[in-house]
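The values are calculated or read from the model by the stated rules, or taken from the named source; none is laboratory data. What you are looking at is a predicted structure, and each value in this text was computed from that prediction instead of being measured. We place every Cβ from the backbone using ideal geometry, glycine too, and count neighbours over all the protein chains shown. Just the protein is used for accessible areas: all its heavy atoms, side chains included, with ligands, DNA and RNA removed. Shrake-Rupley method; radii C 1.70, N 1.55, O 1.52, S 1.80 Å.
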Amino acid sequence: MRGARKRLCSALIVAYGLFSLYAAYTVFLRPRRTAAPRPPHRDRRGPRDHVAVGNEEWNPWEGEEKSELLASQQRYEANLKMIKNARSHLEQTSLRVQIWGKAAIGLYLWQHIFGGHLQPDDVSAQWREGSQKAGKTYFSFITGPSVVPGYFSVEAENVVLVLNGREKAKITYATQWLHYAQTLIQTHKIQHVAVVLLGNEQCSNEWIQPYLKRHGGFVNLLFVTYDYVLVNEEDIFQWPLGVATYRNFPVVEPSWSMLHDPRSHLCNFLGTVYKNSSRETLMEILKQDGLDKLCWIAAREQWQPQETNESFKNYQDALLQSDLTLCPVGINTECYRIYEACSYGSLPVIEDVMTPGDCGNSSMYHSAPLQLLKTMGAPFIFIKNWKELPAVLEKEKKMSLQEKIQRRKKLMEWYQNFKAWMRQKFINTLENSFLPSDKG
């Protein structure tokens, strides 16, 4: 009897052990079949703890697994999207450049050549800024009296510094900015620096040379106005003087009337007549045979840096109402008047002579003066002496309105293309210099 009980107990223990093993196998190790979709359960008492329908098996961890699977899938898709966005961003924008506009020529770069906008619109604001993407580069631009070294955020590793180097006082101010940029280079706050320089009208720009990398400095690129003899198209490039943005000359949008309407004057000249200059010769020739009656002439004996509202409006009206704009030389052959006339479709008549100083042919250009404009095929009238003007005006009288319309279109299209070309050249030059080379 006692032996039978022992055998029964042993059998029960073995059976319990086998059942436990089977249960463990069922729960933990047995492959799970995907449950068939269930119709939505409408029991308002809420979800039950467990339900067995037909041959479906209840999995106590099924809800957690589905939640984790869903969360994992969402994380994967979010990471994939982030990677795609980052890759797209790198492909589209490889360079960030901040432009510090500390000379009025910076406004010509940003508003006229880049077509950029500034906020606020008020030209007298202490701080103005704008941004745009161009090529592979994201550009930001800041300007105004409040932009001073050390008191603004440096938001890019690549900087374009726009400076005025026309006279001694301006050069002193410009060097302060260069020293600030040099400190940022030395402390690894920025990596590359380019300079857009309003150069001296006699091309006396030797003060900038020690700052160039080729002379042991830190400035990678220099864009400089006038016919600077050191222009080499490698690290020194000629830059257009542009319009007088310091007088708030606007961005002019071409209109139908600007192109097609008859103009009341053959030519115009509003400016200063210096003693013993070719401008005196010009005025004498205009007075011969009453030519000055055919043109809008307003001469003054002393240069005025700022215009009144009235004088500025008169100047714009003169450009708009004249077929030709006379451009005698000043301290330099290149002047704001050339670009301002193009803005209004008034063909520049340029005194094509070299002025005293250090300007001239460079290693890349051999058509000084105005070598950049000539290289770009500017459709201007170039004369060597104002004695040629009467013949020019006589020919002008015989031109039909349709011929003048076609000439205006050609001039204004050329000017738009010129600005677009300068913009693209500027961007390409920065990207070629600042972006890492793919060469191994």
Q: Work out, step by step, the length gained on full extension between W207 and S255: first 0.36 nm times the residue separation, then minus their alpha carbon distance; give nm to one decimal.
A: 12.9 nm
Q.
Run the numbers for K374 and N314: contour at 0.36 nm per residue of separation, minus the present Cα-Cα distance, in nm.
A. 18.7 nm
Q: Kindly report the accessible area of the stretch 232-285 per residue (heavy atoms of protein chains, probe 1.4 Å, no ligands, DNA or RNA), in Å².
A: 43 Å²
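Mind ranking R263, R214, R408 by accessible surface for me, highest first, 1.4 Å probe?
From most exposed to least exposed: R214, R263, R408.
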**Q.** Radius of gyration and Dmax over the Cα atoms of the stretch 248-416, both given in Å
**A.** 15.7, 45
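Using the beta-carbon distance between Q321 and H366 and R0 = 30 Å, what value does 1/(1 + (r/R0)^6) give for FRET efficiency, to the nearest 0.05?
Values: r = 37 Å, r/R0 = 1.24.
So the FRET efficiency works out to roughly 0.20.
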Q. Just the accessible area for H117, please: 1.4 Å probe, Å², rounded to the nearest 10?
A. 150 Å²
**Q.** Kirkwood-type radius of the stretch 156-291, with distances r between different C-alpha atoms, in Å
**A.** 18.4 Å
Q: Round to the nearest 10 and report in Å² the accessible area of E157, as given by a 1.4 Å probe over the protein chains' heavy atoms.
A: 100 Å²
Q. What nm distance separates the two modelled labels at E233 and K189, each placed 7 Å from Cα along Cα→Cβ?
A. 3.7 nm
Q. Which part of the stretch 157-175 falls in the paramagnetic zone of H215, meaning amide N under 19 Å from the point 7 Å along Cα-to-beta-carbon?
A. 161-175
Q) Residue separation times 0.36 nm, minus the C-alpha to C-alpha distance between K409 and V148: what's the value? A) 89.7 nm
Q: Just the number, please: percent antiparallel of the DSSP beta bridges in the stretch 96-225, rounded to the nearest 5.
A: 25 percent
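I'd like the carbon and sulfur percentage of the solvent accessible area for the stretch 96-225, probe radius 1.4 Å, heavy atoms only, ligands and nucleic acids excluded. Walk me through the numbers before you get to the answer.
On the way: 2670 of 5560 Å².
Solvent-exposed carbon and sulfur of the stretch 96-225 make up 48 percent of the total.
Step through the table entries K133/K404; K275/K384; K275/K313, compare each Cα-Cα distance with 30 Å, and write down the pairs that go over it.
K133/K404
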